[in-house]
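Visitor: My questions will all concern the structure given below.
The values are calculated or read from the model by the stated rules, or taken from the named source; none is laboratory data. Model, not experiment: these values are computed from the prediction. Cβ: placed from backbone, ideal geometry, glycine included. Neighbour counts: every protein chain shown. When the accessible area is computed, the model is the full protein with side chains, heavy atoms only, and any ligands, DNA or RNA have been set aside. Shrake-Rupley method; radii C 1.70, N 1.55, O 1.52, S 1.80 Å.
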Amino acid sequence: MGDLVRVRRHRFAGRHDRAATTEPRWVGLLLLATTVVFLGLFLLLPLVTVFTEALRKGAGAYFASFGDPAALAAIRLTLTVAAIAVPLNLVFGVTAAWAIAKFEFRGKSFVTTLIDVPLAVSPVISGAIYVLLFGLQGLLGPWLSAHGLQVIFAVPGIVIATVFVTVPFIARELIPLMQEQGIEDEEAALTLGASGWQTFRRVTLPNVKWALLYGVILCNARAMGEFGAVSVVSGHIRGKTNTMPLQVEILYNEYNFVAAFAVASLLALLALVTLALKTLVERLSAAAVTLDSGLPAAEEI
C-alpha cells in the first residue's frame, strides 16, 4: 500500500512539474537543436573524420598500419601502463575513500584537497616536475643513475606520470557515496563480531561496487588517453617509450596520415567501448537501486 502511494505521488509530481513549465514549445526545441548541433560539430564530426581518414586508402592499408613494429609496441606499452596504473589507483582510491568517509582525523580536508591536485595542475607541468625529480640533472637523478635505475625516458616514468593524472577518478567516485551511506552498517557488523577486513569485504565493498566499477572505467580511459604528462617524461623513443597518443602525433608529423588516423581510430574504439561500459554500469546500478527499494522500474511506473 505504501509503495502504491509513493508511485502515485511520483506520477503526480511528474504531472505537476510538466504543468509548471510555462515556456513556449519552440524554446525547448531551440535548446534541443542547439545541443544536437554542438554535439554534432564538436563530438560526432571529429569521430567520423577519424574513421573516414583511417579508411581512406582501404581496409588493407588500414590493417597494415597495425603491422608496423612501432605501432604494435605503442599498443603494448599503452595497455601495460594502464594495467599497472589502474590497479594502483584502485588500491589508493578505495583506501583513501574508506579513510576519509569512515574515520575522523586531523588534516582530512587537506588530504581531500591533495586528491584533487591532478585535476588542477596541467599534465605538462606534472611531467616537468617528475623530470626535475628523476632526471639526470634532477634531485634524485644522480642517485638513480649510480644504482643503474632509469625513470625518465623509460617505462617507470610513464607509469608514474599516468598514476599521477588518474589519482582522483576512483577516489572521487567513492568518497561522496561512502559519506552519504554513513558508518551505521559498519558499526553493526563490528558489534556482531566481524573483523575490520570482514566488515570491509562484506559490508562496505558491496555497497559501493557500482561506483567503484564506474571509477575504474573512467580511470582506465584516462590512463590510455593521457598525452601531456607522458609526452614530457617519455622522450618519444620510437618502439620503446611511445604510447598510442604519442605514436599518433609522430605519424601525423611525418605526414603518414593513414597510419596516424588508424592508431587514432583504435583509441576512439577504446573510448566507445568505455562509454558503452559506463552506460551499462549506470543502468545496472539504477536497476539495483530500484530492486533494493522495492519500487517498480521507471518504465513500469
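Visitor: Starting from residues that are β-branched (Val, Ile, Thr) and free of Cβ contacts under 8 Å to residues at least 24 places away in the same chain, keep the ones in the stretch 197-227 and report whichever is nearest to Val248 (Cα to Cα).
Guide: So, considering only residues that are β-branched (Val, Ile, Thr) and free of Cβ contacts under 8 Å to residues at least 24 places away in the same chain, the one nearest to Val248 (Cα to Cα) is Val203.
Visitor: Also, I was wondering about something else. Given the structure, is Pro142 under 27 Å from Thr80 (Cα atoms) and not aromatic (Phe, Trp, Tyr)?
Guide: No, not satisfied.
Visitor: Scan the stretch 250-273 residue by residue and report those that are of a type outside the set (A, V, I, L, M, F, W, C) and surrounded by fewer than 16 Cβ atoms within 10 Å (Cβ to Cβ).
Guide: Within the stretch 250-273, Tyr252, Asn253, Glu254, Tyr255, Asn256 meet the criteria.
Visitor: Of all residues in the stretch 34-59, count the ones that are exposed (fewer than 12 other Cβ atoms within 10 Å of the Cβ) and under 20 Å from the mean Cα position of the chain (by Cα).
Guide: 1
Visitor: Return the only residue of Pro176, Pro123, Pro118, Pro206 being open to solvent by less than 20 Å² (accessible area, probe 1.4 Å) and closer than 23 Å to Asn89 by Cβ.
Guide: Unique residue meeting the criteria: Pro118.
Visitor: If you go through the stretch 68-84 one residue at a time, do you hit one that is surrounded by 13 or more Cβ atoms within 10 Å (Cβ to Cβ) and more than 30 Å from Val216 (Cα to Cα)?
Guide: Within the stretch 68-84, one or more residues are surrounded by 13 or more Cβ atoms within 10 Å (Cβ to Cβ) and more than 30 Å from Val216 (Cα to Cα).
Visitor: Filtering the stretch 211-231 down to residues that are in contact with a Pro (Cβ under 8 Å, 6 or more places away or on another chain) and open to solvent by 40 Å² or more (accessible area, probe 1.4 Å), which residue is nearest to Ala171 (Cα to Cα)?
Guide: My answer is Gly225.
Visitor: Sticking with this one: Within the stretch 141-157, is there a residue that is touching a residue at least 40 places away in the same chain (Cβ under 8 Å), in a helix (DSSP H, G or I) and touching a Leu at 6+ places or on another chain (Cβ under 8 Å)?
Guide: The answer is yes, given that some residue of the stretch 141-157 is touching a residue at least 40 places away in the same chain (Cβ under 8 Å), in a helix (DSSP H, G or I) and touching a Leu at 6+ places or on another chain (Cβ under 8 Å).
Visitor: Now, a different point. Out of (1) aromatic (Phe, Trp, Tyr); (2) at pLDDT 90 or above; (3) surrounded by fewer than 18 Cβ atoms within 10 Å (Cβ to Cβ), what's the single condition that is false for Tyr62?
Guide: (3)
Visitor: Would you check which residues across the stretch 21-55 are assigned to a loop (DSSP other than H, G, I, E, B) and at pLDDT 90 or above and list them?
Guide: Residue satisfying the conditions is Leu55 alone.
Visitor: Any idea which of (1) open to solvent by less than 30 Å² (accessible area, probe 1.4 Å); (2) at pLDDT 90 or above; (3) of a type in the set (Gly, Ala, Ser); (4) farther than 25 Å from Ala82 by Cα is the one Ala161 doesn't satisfy?
Guide: Unmet condition: (4).
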